[in-house]
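The values are calculated or read from the model by the stated rules, or taken from the named source; none is laboratory data. Values in this document were obtained by computation on a predicted structure and should not be read as measured data. When we count neighbours, we look across all protein chains shown, and the Cβ atoms used for this are built from the backbone with ideal geometry, even at glycine. Keep in mind that these areas ignore ligands, DNA and RNA; they rest on the heavy atoms of the full protein, side chains included. Shrake-Rupley method; radii C 1.70, N 1.55, O 1.52, S 1.80 Å.
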Amino acid sequence: LTHDMMVAGVHWPPGEDAADLGWKLVAAAASDLAAMGAQPAGVLCALALGPEAGGPWQAALVRGMGQALGAFGLALWGGDTVATPGPTMLGMTVVGHCEAGAALGRAGARAGEGLWVSGHIGDAGLGLAMVQGRMPKVAALVKRLRRPVPRLALGAALVGRASAAMDVSDGLLIDAGRLAAASGVGLEIDLDRVPLSDAARALGLDPLAAVTSGEDYELLFTAPAGARLPAGVTEIGRVVAGAGLQLVAHGRAVPLPDRLGYEHAV
């Protein structure tokens, strides 16, 4: 079971397409199922709708949610909807299932294993810069931000192969730090091996910027040497004894940046 929330003015700016928000609400929560190797089952949604969320906005939100539910094989089981004078808040609980004892967790990484990631890193961060008007828009990169696709099939395929896993939501570095802490190990990450899309390379994206941006919703996982892994994944480092993160580039140590990713205010 996993739950995600989105708040107007925090997770999306004014004027954002409500259909995209509905899709992303489902996708972000379902990505946690992927990281556990779970099969999707159903959802409960909690919607607190502010003054800006009128009838057409609500219809678009429901349309986007429906598209995502259908795409990811999730049933809408129920939930609750209320009005609020404050900002609109969207919540989604997603439920999945797997064989007893087979769920992937964050605590199984062991020294000597490889560190892997799926897909490409940094596209959503570029999409955010474009939505914020800091860069000219590239449709494919904006779509990676607004319509992420959780790696459900990959997560299921990693059961019995990966030793630890989580999804990359707040940024590869900050999430890698969480996996390392849960497993009681260190992680060495080679920035030269971080997979960037052709579009990101064409824009000159720095790998260090890529690994500190968020909302990629790719899977980050560890696996023993020689493990038979699905296609579409890249080895970006290794598990080492100790604690924390180590970065290398061009064969040399690189200092950790001050900001590892998105920090949630508490």
What chymotrypsin sites (Phe, Trp or Tyr not before Pro) does the range 163-264 have in DSSP loop regions with at most 15 other beta carbons within 10 Å? Y262
Using θ = phi - 60° and the Karplus curve 6.51 cos²θ - 1.76 cosθ + 1.60, what whole-Hz ³J(HN,Hα) does each residue of the range 33-50 get, with Gly and Pro shown as x? 4, 4, 5, 9, x, 8, 7, x, 10, x, 9, 10, 10, 10, 10, 10, 9, x
May I ask you to compute the full-extension gain from L256 to M5, defined as 0.36 nm times their residue separation minus their alpha-carbon distance, rounded to one decimal in nm? 87.4 nm
What's the angle, to the nearest 10 degrees (0 to 90), between helix 172-183's Cα axis and the longest principal axis of the chain? 70 degrees
Plugging the Cβ-Cβ distance of A59 and A153 into 1/(1 + (r/R0)^6) at R0 = 41 Å yields, to the nearest 0.05, a FRET efficiency of 0.85
Tell me whether the range 1-88 comes out rounded, prolate or oblate; compute the Cα gyration tensor, take square roots of the eigenvalues as a ≥ b ≥ c, and use a/c under 1.5 as the rounded threshold. prolate
Under the helix-only model (-39500 (n - 2.57) for each DSSP H run of 4 or more, divided by the residues of the chain), the mean residue ellipticity at 222 nm, to 500 deg cm²/dmol, is -9500 deg cm²/dmol
GNM on the chain, Cα springs under 10 Å; top mean-square fluctuation among V43, V142, V254 goes to V254
Step through the residues of the range 64-81 one at a time and calculate ³J(HN,Hα) from phi using the Karplus curve (6.51 cos²θ - 1.76 cosθ + 1.60, θ = phi - 60°), rounding each to whole Hz and writing x for Gly and Pro. x, 4, x, 4, 5, 4, x, 5, 9, x, 10, 9, 8, 8, x, x, 8, 10
Starting from the amide H of A46, placed 1.01 Å from N in the peptide plane, find each other amide H under 5 Å away whose residue is 5 or more places distant or on another chain. D80, G91, M92, T93
Over what distance in Å are the Cα centres of the range 83-127 and the range 174-251 separated? 15 Å
How much accessible surface does H11 have with a 1.4 Å probe, in Å² rounded to 10? 80 Å²
Take the Cβ-Cβ distance between E99 and A140 as r, set R0 to 35 Å, and report the resulting FRET efficiency rounded to the nearest 0.05. 0.45
Heavy atoms of the protein only, probe of 1.4 Å, neighbouring chains included. What is the accessible area of M5 in Å², nearest 10? 100 Å²
Is the range 79-130 rounded, prolate or oblate when judged by the Cα gyration tensor, a ≥ b ≥ c being the square roots of its eigenvalues, rounded requiring a/c under 1.5 and prolate requiring a/b larger than b/c? oblate
From the phi angles alone, apply the Karplus equation (6.51, -1.76, 1.60; θ = phi - 60°) to the range 251-262 and give each ³J(HN,Hα) in whole Hz, x where the residue is Gly or Pro. x, 10, 5, 10, x, 5, x, 5, 10, 8, x, 6
Taking a ≥ b ≥ c as the square roots of the Cα gyration tensor eigenvalues, with a/c under 1.5 meaning rounded and otherwise prolate when a/b beats b/c or oblate if not, the range 57-181 comes out oblate
